[in-house]
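K.L.:
Sending over a structure as structure tokens; questions will come in a sec.
Values in this text are rule-based calculations from the coordinates and carry no lab data. None of the values given here were measured: they were computed from a predicted structure. Because the Cβ atoms are built from the backbone with ideal geometry, glycine has one as well, and the counts that use them run over all protein chains shown.
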Amino acid sequence: STRIAMMGILLSRSHGVRPSAAHFLPEALNGIYRKDGTQPYHAVPIRIKRRGSRKAVALPDGSAVQPRPWDDTPTPIQLALARGHRWLAMVESGEARTLSEVAEREGMDRAYVSRMVNLTTLAPDIVAAILDETLPPEVTLFDLASGTPLLWEEQRRRIQA
């Protein structure tokens, strides 16, 4: 079924078929024509959902095509969020006394470590959007990490603007 969906996507792009009902010709029917001279085809209603920088195929029953193993790697924003939480935990636990010490241990710039720790103050729904890869595509890591407002409503307004 994944192959069928992918064929539908490829043909919808090349033949201008609307993406909600991608059409494809099975290889087995290639060269076979109906009595009226047309080739048979199948319509598979799919939706293409954007998940961060990736696209996922949603099938008619609402399920999604499972990502391939090599698509399971975290996005840069997800990695930055995890690093920020890890670095903050190092300071809170006493493993490191300051963010400067964390930066020195990690071989990173102090300002970079500080910006990533800023991600730990994001609103829960924004964190969920990062993890689900549903942030608007125009939102960048720099937008989230630099000058992050402490009030969650201001953070949400900033992302929607």
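K.L.:
With the structure loaded, tell me whether residue 115 is more than 19 Å from the chain's Cα centre (by Cα), surrounded by fewer than 18 Cβ atoms within 10 Å (Cβ to Cβ) and basic (Lys, Arg) or whether it fails that test.
P.N.:
Taking the combined requirement at face value, the residue does not satisfy it.
K.L.:
On to the next question. Taking the stretch 136-161, which residues are exposed (fewer than 12 other Cβ atoms within 10 Å of the Cβ) and in contact (Cβ under 8 Å) with a residue 60 or more places away in the chain?
P.N.:
Result: 137, single match.
K.L.:
Another question, if that's okay. Can you name every residue in the stretch 88-138 that is closer than 16 Å to residue 158 by Cα and assigned to a helix (DSSP H, G or I)?
P.N.:
Answer for the stretch 88-138, where residues must be closer than 16 Å to residue 158 by Cα and assigned to a helix (DSSP H, G or I): 118, 119, 121, 124, 125, 126, 127, 129, 130.
K.L.:
Then there is this: Do we find a residue being closer than 19 Å to residue 74 by Cβ and over 18 Å from the mean Cα position of the chain (by Cα) anywhere in the stretch 94-111?
P.N.:
Yes: the stretch 94-111 contains one or more residues that are closer than 19 Å to residue 74 by Cβ and over 18 Å from the mean Cα position of the chain (by Cα).
K.L.:
Any idea which residue in the stretch 74-112 is surrounded by the most Cβ atoms within 10 Å (Cβ to Cβ), counting only those that are within 25 Å of residue 134 (Cα to Cα) and of a type in the set (D, E, K, R)?
P.N.:
The residue in question is 83.
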